[in-house]
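**Student:** Please read through the structure below; I'll follow up with questions.
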Amino acid sequence: MMWNPWQLYRTALGCMILEIFIHNDAQGLNVCMSGSAMSCEECLIIHPSCAWCAQEFGSVRTLTSRCDLRQNLQKRGCEAHHMESPSSSTTVVKSEPLSSKGSGPTQYDVIQIMPQKISLSLRPGDQTSFKVQVRQVEDYPVDLYYLMDLSLSMKDDLDTIRNLGTKLADEMRKLTSNFRLGFGSFVDKNMSPFSYTAHKYQDNPCNGYKLFPSCVPSFGFRHLLSLTDKVDRFNEEVQKQMVSRNRDAPEGGFDAILQAAVCKERIGWRKEAFHLLVFATDDVPHLALDGKLGGLVQPHDGECHMNEKNEYSGSTKMDYPSLALLGEKLAANNIYLIFAVTKRLYVIYKNFTALIPGTTVEILDQDSKNIIQLIVNAYNNIRSKVELTVWDQPEDLSLSFTATCQDGQPLPGLRKCADLKIGDTVSFNVSVDARGCPAPGTQQSFTIKPVGFKDRLEVSVDYRCDCGCTDQTQANSTHCSSIGQYTCGICRCDPGYLGARCECQEGEAGSMYLSACRQAEGMQICGGRGECSCNQCFCYESEFGKIYGTFCECDDFSCARHKGILCSGHGECHCGECKCHAGYIGDNCNCSTDTSSCVSDDGQICSGRGSCACGRCQCTEPGAFGDTCEKCPTCPDACGTKRECIECRLFSSGRLSDNQTCQRLCKDEIITVETLKTDDPNAVLCLYKTENECVMKFTYSEHANGMSVLTALKEPECGAAPDAMTVLLAVVGSILLVGIVLLAIWKLVITVHDRREFARFQSARSRARYEMASNPLYKQPISNDYVETDFSMYSKSYNGAAH
């Protein structure tokens, strides 16, 4: 059988394709060749490691062989200048140095973020990164607008703050030399069912109310004093105010917050200043949709509606604003919102802070006596942290952050630093990844901005999705049998023609050429999901997605799902395998690598009592629970941890005595008592010795509502100090007593000794008498009278003889 040259070419081509894929299967999946790229542009989108060779090969190759790993193309002889493999890059457009001070002649040129402008050139899938530095400068100007609830229950608070302006200015000038103060008030919408609307209440809602028989009509929001450095005017305006009375408990404070944020000219917010909005109230606010109770169906439009009397004119026309709208307007105008609320409302407003970026909540005394310290504490707390936000992020871009705070340690997944001092510089590494290419000519950009700062980093984005080789396109090229365009090394055939050189017409087929369309011997042609034409598989269309591959072996819908969503919505399905976006892992990309939700208030991952898996803490310490394993009454370190909060909250001492750190880390409820009850089985008794050698006792328990409660003695237990004279007399008396006892002992010993010696003497004497009475040798002595008689007689006898 004789084969013509055309048949030999077809057979050689099929063997070449089969050899290539067998080789790739032996070494593992080659993502570039399995993507079935039909053009240079399609090749670049498959994976950042893929390159396209536009060089004219010496032998005919398949379309897919031009899209391969760069090293494979080099081995095949493709020269570097013929390769299309762009990479992502970052160009700094504007980068002025950070400022060190906020006030003075340069206050309008203060820079707190660096760089200010960058340009990204992104190839899909090829991640690039850049560094952002942020510094809170010293002595930065501050604008503070005090927004007060003037409902009837706040009357005692109004009396307290009548001289607030002067005292607050004195305290704030310790923190900044450029301070301005403004004032506004609110009650609620002056309509039913929110306020009293009957005729007799129109001028005096307190009519008939015995405790306060006179008050002013209800109003939504009233701007009373624009921001000014003349703090005496604040006192004057406050002293003019009178309380009002509304019908229901919730107030219309969110209406007032939004107007204070968006009416920039009326309020007087300066562009070059730190914006603080203090919201003082003793009740919950009305939220969006509450207005429907009064027939208000028009949602709030987020615009300024202030009339010539500086009153909110849309109060009875639009619904209350939503939390999302509030957060958007506060962030857009760089305003930090401070909720100053009574203790019973703390948890409610604390939940609001999680939904409104740049807000904080502080506990206000019933009569607002602590308002100055509250504002100072909140200001210090806000200035002690930096958090980045992203505005107008394109949907096809993925961003991830790594924070490097004052300790110099990188914290992946975090875009916030806390416990900072004014003047500290922190940095963030931002990684950007493009997931696809927009339509040609599309201009993309986004903004990175620290919460509450006017400063921002503007990022412009262009995409490396085009190939330079398209500029050398040849129409009706001889490389394409003169019936197609030759571009980037391949032919784009005219309609009705197929093949690497446009050598086939549609409809041509032969069983001898079908082997090039089988992945392996015995397998279906084109995997049963396509047709073979001119040695190439043309894959069927599917309602589920795209079928592709040299043998139609791949698709973008046969991957693992999570809750019915392909690759959990956080990845791309590629040939049966999920390719997860940055920040996600797992077979179905449902596991986030972001650890920010696992960071506890003390900065540790899961409070050091567990591990962070898929963005959630898994507590490993027995007895630990809570979102960040922060609750653990039975843990060995529970008493030690809570002791520091007792020391700083009650006695302003200890390691956390710095007010900012104490307020941030110690949020548990602390109850002081005269006598501590220790019979609660659910409470842990803790005690420690103070510096004064006293004993401090407290109990630690977790309530069913999730709050940690510390019950402590008001003062440590200390023994009374002894009287000096008493101690002296006791010492002298002890010495005397010891001396007397020693003398008595000595006397007793001598007496016993003497008696023993006397007894021994008496015994010896008695024996001596007995021995003299019974001794045979003993002779009674002669008395003196007898001797003299004998001597006299002897003398007379001698004298007579002599005569």
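**Student:** Could you tell me which residue of region 135-194 is surrounded by the fewest Cβ atoms within 10 Å (Cβ to Cβ), considering only residues that are aromatic (Phe, Trp, Tyr) and part of a strand (DSSP E or B)?
**Tutor:** First, pick out the residues of region 135-194 that are aromatic (Phe, Trp, Tyr): 140, 145-146, 179, 183, 186, 194.
From what is left, the residues that are part of a strand (DSSP E or B) are 145-146, 179, 183, 186.
Working: Tyr145: 25, Tyr146: 27, Phe179: 23, Phe183: 27, Phe186: 29.
Looking at residues that are aromatic (Phe, Trp, Tyr) and part of a strand (DSSP E or B), I get Phe179.
**Student:** Quickly run through region 304-350 and pick out the residues that are of a type in the set (D, E, K, R), over 30 Å from the mean Cα position of the chain (by Cα) and not in a loop (DSSP other than H, G, I, E, B). It would help to see each step written out before you state the result.
**Tutor:** At the first step, the residues of region 304-350 found to be of a type in the set (D, E, K, R) are 308-309, 311, 317, 319, 328-329, 343-344, 350.
When the remaining residues are screened for being over 30 Å from the mean Cα position of the chain (by Cα), the result is 308-309, 311, 317, 319.
Selection gives Glu311 alone.
Residues are listed down the side, and each one gets a yes or a no for (1) free of Cβ contacts under 8 Å to residues at least 60 places away in the same chain; (2) open to solvent by 90 Å² or more (accessible area, probe 1.4 Å); (3) over 30 Å from Phe625 (Cβ atoms):
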{"residue": "Val684", "(1), (2), (3)": "yes, no, no"}
{"residue": "Leu687", "(1), (2), (3)": "yes, yes, no"}
{"residue": "Cys694", "(1), (2), (3)": "yes, no, yes"}
{"residue": "Leu743", "(1), (2), (3)": "yes, yes, yes"}
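**Student:** Now for a separate question. Scan region 425-434 and tell me whether some residue there is in contact (Cβ under 8 Å) with a residue 40 or more places away in the chain, closer than 14 Å to Gly358 by Cα and surrounded by fewer than 17 Cβ atoms within 10 Å (Cβ to Cβ).
**Tutor:** no
**Student:** Of (1) at pLDDT below 80; (2) touching an Asp or Glu at 6+ places or on another chain (Cβ under 7 Å); (3) hydrophobic (A, V, I, L, M, F, W, C), Ile547 satisfies all except one. Which?
**Tutor:** (1)
**Student:** Pull up region 195-211, narrow it to residues that are exposed (fewer than 13 other Cβ atoms within 10 Å of the Cβ) and free of Cβ contacts under 8 Å to residues at least 12 places away in the same chain, then point me to the one that is nearest to Asp248 (Cα to Cα).
**Tutor:** Per the stated criteria, the residue is Ala198.
**Student:** Could you check, for region 90-106, whether at least one of its residues is touching a strand residue (DSSP E or B) at 6+ places or on another chain (Cβ under 8 Å), of a type outside the set (Phe, Trp, Tyr), surrounded by fewer than 18 Cβ atoms within 10 Å (Cβ to Cβ) and at pLDDT below 90? Steps first, please.
**Tutor:** Residues of region 90-106 that are touching a strand residue (DSSP E or B) at 6+ places or on another chain (Cβ under 8 Å), as a first pass: 90-102.
Within this subset, residues satisfying the condition of being of a type outside the set (Phe, Trp, Tyr) are 90-102.
Filter again for surrounded by fewer than 18 Cβ atoms within 10 Å (Cβ to Cβ), leaving 90-98, 100-101.
So of that shortlist, the ones also at pLDDT below 90 come out as 100-101.
Within region 90-106, one or more residues are touching a strand residue (DSSP E or B) at 6+ places or on another chain (Cβ under 8 Å), of a type outside the set (Phe, Trp, Tyr), surrounded by fewer than 18 Cβ atoms within 10 Å (Cβ to Cβ) and at pLDDT below 90.
**Student:** Could you list all residues from region 646-670 that are more than 19 Å from Thr690 (Cα to Cα) and open to solvent by 50 Å² or more (accessible area, probe 1.4 Å)? Outline the logic, then answer.
**Tutor:** Of the residues in region 646-670, the ones more than 19 Å from Thr690 (Cα to Cα) are 659-661, 663-669.
Residues satisfying the conditions are Asn659, Gln660, Gln663, Lys667, Glu669.
**Student:** Okay, next question. Going by the conditions given, is Glu236 open to solvent by 10 Å² or more (accessible area, probe 1.4 Å), more than 24 Å from Asn377 (Cβ to Cβ) and without any contact (Cβ under 8 Å) to a residue 40 or more places away in the chain?
**Tutor:** yes
**Student:** With the checklist (1) closer than 30 Å to Asp143 by Cα; (2) open to solvent by 80 Å² or more (accessible area, probe 1.4 Å); (3) under 38 Å from the mean Cα position of the chain (by Cα) in hand, flag the one item Lys292 doesn't pass.
**Tutor:** (1)
**Student:** Okay, next question. Looking at region 171-195 only, could you name the residues that are at pLDDT below 90, small (Gly, Ala, Ser) and under 37 Å from the mean Cα position of the chain (by Cα)?
**Tutor:** Ser177
**Student:** Starting from residues that are crowded, with 17+ Cβ neighbours inside 10 Å and without any contact (Cβ under 8 Å) to a residue 24 or more places away in the chain, keep the ones in region 592-606 and report whichever is farthest from Ser384 (Cα to Cα).
**Tutor:** Ser592
**Student:** Considering only region 363-392, state which residues are more than 21 Å from Gly452 (Cα to Cα), open to solvent by less than 10 Å² (accessible area, probe 1.4 Å) and in a loop (DSSP other than H, G, I, E, B).
**Tutor:** Listed by number, the residues that qualify are Leu364, Ser368.
**Student:** Quick one: which strands (runs of 3 or more DSSP E) lie wholly within region 536-591 and hold at least 2 residues that are open to solvent by 40 Å² or more (accessible area, probe 1.4 Å)? Quick ask: steps written out before the conclusion?
**Tutor:** Details: elements: 536-539, 571-574, 577-580.
Here the list reads 536-539, 577-580.
**Student:** Return the residue satisfying two criteria in turn: it lies in region 453-475 and is open to solvent by 50 Å² or more (accessible area, probe 1.4 Å) and part of a loop (DSSP other than H, G, I, E, B), and of such residues it is modelled with the highest pLDDT.
**Tutor:** This residue is Arg456.
**Student:** Here's something else I'd like to know. On the basis of being over 30 Å from Ser445 (Cβ atoms), in contact with a helix residue (DSSP H, G or I) (Cβ under 9 Å, 6 or more places away or on another chain) and modelled with pLDDT under 90, does Leu152 make the cut?
**Tutor:** No: the conditions fail for Leu152.
**Student:** Also, I was wondering about something else. Could you count how many residues in region 107-134 are assigned to a helix (DSSP H, G or I) and open to solvent by less than 10 Å² (accessible area, probe 1.4 Å)? Reasoning before the result, please.
**Tutor:** Going residue by residue through region 107-134, those that are assigned to a helix (DSSP H, G or I) are 107-109.
Subset that is open to solvent by less than 10 Å² (accessible area, probe 1.4 Å): none.
Count: 0.
**Student:** Which count do you get for residues in region 702-725 that are modelled with pLDDT of 80 or more and touching a Pro at 6+ places or on another chain (Cβ under 9 Å)?
**Tutor:** Total satisfying the criteria: 0.
**Student:** Please specify each residue of region 666-709 satisfying the condition of being β-branched (Val, Ile, Thr) and assigned to a loop (DSSP other than H, G, I, E, B).
**Tutor:** Correct list: Thr675, Thr678, Thr690.
**Student:** How many residues are within 22 Å of Val709 (Cα to Cα) and either among the hydrophobic types (A, V, I, L, M, F, W, C) or in contact with a helix residue (DSSP H, G or I) (Cβ under 9 Å, 6 or more places away or on another chain) (or both) when one looks only at region 608-632? Walk me through how you get there before you give the answer.
**Tutor:** Filtering region 608-632 for residues within 22 Å of Val709 (Cα to Cα) gives 608-609, 619, 621-632.
Now drop any that are not either among the hydrophobic types (A, V, I, L, M, F, W, C) or in contact with a helix residue (DSSP H, G or I) (Cβ under 9 Å, 6 or more places away or on another chain) (or both), which leaves 619, 621, 623-632.
Residues that pass the stated criteria total 12.
**Student:** Right, here's the next one. Ala638 versus (1) open to solvent by 60 Å² or more (accessible area, probe 1.4 Å); (2) in contact with a strand residue (DSSP E or B) (Cβ under 9 Å, 6 or more places away or on another chain); (3) modelled with pLDDT under 75: which is the lone unmet condition?
**Tutor:** Answer for Ala638: the failing condition is (1).
**Student:** Looking at Lys642, Lys667, which one is under 28 Å from Leu374 (Cα atoms), touching a Phe, Trp or Tyr at 6+ places or on another chain (Cβ under 8 Å) and in contact (Cβ under 8 Å) with a residue 24 or more places away in the chain?
**Tutor:** Details: Lys667 fails: touching a Phe, Trp or Tyr at 6+ places or on another chain (Cβ under 8 Å).
Within the list Lys642, Lys667, the selection yields Lys642.
**Student:** Can I ask one more? Cβ-Cβ below 8 Å, separation at least six or inter-chain, first residue in region 359-372 and over 12 Å from Thr281 (Cα atoms) and at pLDDT 85 or above, second open to solvent by 40 Å² or more (accessible area, probe 1.4 Å) and polar (S, T, N, Q): which pairs?
**Tutor:** Lys369/Thr160
The values are calculated or read from the model by the stated rules, or taken from the named source; none is laboratory data. Predicted model only: the values in this text are computed from it and were never measured. Virtual Cβ from ideal backbone geometry, glycine too; neighbours counted across all protein chains shown. Protein only, heavy atoms only, side chains kept; ligands, DNA and RNA dropped before computing areas. Shrake-Rupley method; radii C 1.70, N 1.55, O 1.52, S 1.80 Å.
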